[in-house]
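Here is the structure we will look at.
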Amino acid sequence: MKFYFNGLILLKIPILLNFKFVNHIQIISRVFMHILKKIYSYTGRISVPYILGLTCTENIKWLRGFVANTYDIFNDFKVQYLANKKLNTLIKSGKRKADEIDKELATNFEFNSGNFIKAGLPLTFEGLNIDNRTAQAITLQLEETKIELQNTQKKLRESSIIIDQLHEELERTSSESTNSTVDPESVSDIIDQLINKGKLGSSVLISTNLYLELVLNQLCPMCGDKEITSRKHTIKVVGLSIHITIICSNCGTQINYNNETNGMDFSKAVAAAGLVGGMNREEIRTILSLIGLTRQNGIKQYFDNQDLFMAELIEIANKNAEQNLRTVCELIQSQGKYILEASFDCSWSHVREAMQASGEFVFNGIIENCSHKPIIAFHVVEKPREYKNKNEKTIIINKGNYNSSSKQMEHAILITIIDKITPILEEYNIVLDIAIDGDLDSNKTLANQSIVHRIFGDLKHKSKLIRKKIVNHVKWKQFEQPIMKYYSKCVYTAITRTANSDTKSPTDNELFDMQLKQ
């Protein structure tokens, strides 16, 4: 064990004492003290605590740590001691404050002789009429508030220090950036890593204020000037494209910023999204407005952008349909047949806010590498649309490819499709069995075509018409399911008789009984 004595290290010296020398302790002590004074040339008073090193701070700390680790007696004592000390301090402070209040009350009663209110609380010479528990609770509440205030002040001081450090770092970084160049490839690599990590697409939404703030706070690439007020700013907005030009007043450098990358056009992307999503322009405008994109394309620009896609989409659809038709014809020939069964379907679309319809021939079968019934012919008709602007000038939105009655659009599609597939069917010596919705004009048109073998009514279309009439009629609405079930049975019976001519048709009495039972 080592002890410190007056800055010197003393080893533990064993001293043997015997009770028979108790009477000579004083003599031995004096001799020992004299020897120590001679050895260390010490002229002051030497006490036993001094000799044992108990007046040295290092020894006391070491002893206290050793005892505290061995016997847990200091922690609770220290906590209780500090708590009592704090309570006594609060009581003394409260008494001093009470004396100050008495002086203020005396002054108030001399000049005003009324109730004395301070900090929103009434004060009297007698004090508050509360018990010890309430006083203890109020004291605790005030102390907790004080501690919370101290913690808040500490956090504010720490935040202030951090802010100062960040300002210094920002100024240092700005000064370094003006004197150093950044490798574009490293920046591109970091951007790619962030995009992959965040699983981001090619574009992200950003606040207008934040985007403009980022642009305006960019340093001049030539002189490093960062003063926004010393620059000239211009902005040009076309649809969803934003082009900002900044001219530095110090060096005259012109910097251009754009929210779109090369080859990217947000306006075209929105127009294409309307086609893919099956939404008209007003629906697209509403959706974009809800997310804050209130500056959008005009009517003509929107439909012009859609025209860029429509022509290519229609061309691709026609090529795929022709390829499917040839594949079906080869399949039929390989089976030793000569009849192609197909159905004609026409759908009306108001996606482009104009009278537009598309029709297709659907093969009644499956071909290889196709999970659904293939479309073997396709055509789109659209009426032109125009409007007058504020200057009474006629603006053509859609030129269209059909300018007759809307009732005849389906008929026009059918004629065009027949003209498309006739050369190919004649090439393979195949005729057409077609199912349509029963339009008399269409039947008449098909009957005069050389490639048409038979014409069938579209029973599914008929079932939709029947169901619609039932639902609109109050008396028969509750019988919708039985009627449609009976209709389906009649259809399947007719199909069975067509496949087997020996099947007998039910008599009128049998039909009457079937109706009653249903």
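Under 8 Å for C-alpha pairs, at least 6 residues apart: give me the relative contact order for region 187-259, rounded to a whole percent.
RCO, region 187-259: 20 percent.
Using only the Cα atoms of region 266-376, what are the Rg and Dmax in Å?
Just the Cα atoms of region 266-376 yield Rg and Dmax of 18.8, 62 Å.
With label points built 7 Å along Cα→Cβ from the Cα atoms of Leu194 and Leu149, find their separation and express it in nm.
Rounded to a tenth, the inter-label distance reads 4.4 nm.
Quantify how much of the Cα-Cα distance distribution of region 312-457 extends past 18 Å, in percent.
Above the 18 Å cut-off, region 312-457 has 60 percent of its Cα pairs.
Rounded to the nearest 10 Å², what accessible area does Glu58 show when all protein chains are kept and the probe is 1.4 Å?
110 Å²
What figure in square angstrom, to the nearest 10, would you give for the accessible area of Trp62 with a 1.4 Å probe?
Counting only protein heavy atoms, Trp62 exposes about 130 Å² to solvent.
Show me 153-164, 304-315 ranked by packing, highest mean number of other Cβ atoms within 10 Å first.
304-315, 153-164
So for region 187-259, taking the charge dipole from beta-carbon charges (+1 Lys/Arg, -1 Asp/Glu), which of Leu194, Thr245, Met222 sits furthest toward the positive end?
Thr245
For Glu126, Glu426, Glu169, give the ranking by accessible area with the largest first, probe 1.4 Å.
Heavy-atom accessible area, descending, gives Glu126, Glu426, Glu169.
Taking the square root of 5 times each eigenvalue of the Cα gyration tensor, what semi-axes in Å does the equivalent ellipsoid of region 187-259 have, largest first?
26, 17, 10
With r defined as the distance between the Cβ atoms of Asp502 and Thr286 and R0 fixed at 60 Å, what FRET efficiency is calculated, to the nearest 0.05?
0.45
Just subtract the alpha-carbon distance of Lys226 and Ile339 from 0.36 nm times their residue separation and send over the number in nm, one decimal.
The Lys226-Ile339 span can extend by a further 32.9 nm.
By average Cβ neighbour count within 10 Å, what is the ranking of 207-217, 324-334 from highest down?
Averaged packing, sorted descending, gives the order 324-334, 207-217.
Tell me, what HN-Hα J-couplings in whole Hz come from the Karplus equation 6.51 cos²θ - 1.76 cosθ + 1.60 at θ = phi - 60° for each residue of region 204-211, using x for Gly and Pro?
Karplus-based 3J(HN,Hα) across region 204-211 equals 9, 7, 8, 5, 4, 4, 5, 4 Hz.
Please work out how much length the chain gains when fully extended from Arg64 to Ile91, using 0.36 nm per residue of separation minus the C-alpha to C-alpha distance, in nm with one decimal.
6.6 nm
Say R0 is 35 Å: what FRET efficiency, to the nearest 0.05, do Ala311 and Glu171 get from their beta-carbon distance?
Step by step, r from the Cβ atoms, then E = 0.05.
Obtain the nm distance between the two label points defined at Glu386 and Leu82 by a simple spin-label model: each point lies 7 Å from its Cα along the Cα-to-C-beta direction.
9.0 nm
Net charge around Lys97, counting only other residues with Cβ within less than 15 Å of its Cβ (Lys, Arg = +1; Asp, Glu = -1)?
Residues close to Lys97 contribute a combined charge of +1.
What net charge is computed for the residues neighbouring Cys251, neighbours being all others with C-beta under 14 Å from the C-beta of Cys251, Lys and Arg scored +1, Asp and Glu -1?
+1
So how much slack lies between Arg133 and Gln254, counting 0.36 nm per residue of separation and subtracting their Cα-Cα distance, in nm?
36.1 nm
Please sort 79-89, 481-491 by packing, taking for each peptide the average over its residues of neighbouring beta carbons within 10 angstrom, highest first.
Going from most to least packed, we get 481-491, 79-89.
Please find the FRET efficiency linking Glu322 to Leu156, where r is the Cβ-Cβ separation and R0 is fixed at 60 Å, and quote it to the nearest 0.05.
For R0 = 60 Å, the calculated efficiency reads 0.20.
So, with +1 on the Cβ of K and R and -1 on the Cβ of D and E, and no other charges, what is the size of the charge dipole of region 187-259 about its Cα centre, to the nearest 20 debye?
Charge dipole of region 187-259: 160 debye, to the nearest 20.
Order Cys223, Cys248 by their accessible area, 1.4 angstrom probe, all chains in place, largest first.
The most accessible residue leads, giving Cys223, Cys248.
The values are calculated or read from the model by the stated rules, or taken from the named source; none is laboratory data. What you see is a predicted model, and the numbers here were worked out from it, not measured in a lab. Don't worry about glycine lacking a Cβ; one is built from the backbone with ideal geometry, like all the others, and counts go over all protein chains shown. With ligands, DNA and RNA removed, areas are computed over all heavy atoms of the protein, side chains included. Shrake-Rupley method; radii C 1.70, N 1.55, O 1.52, S 1.80 Å.
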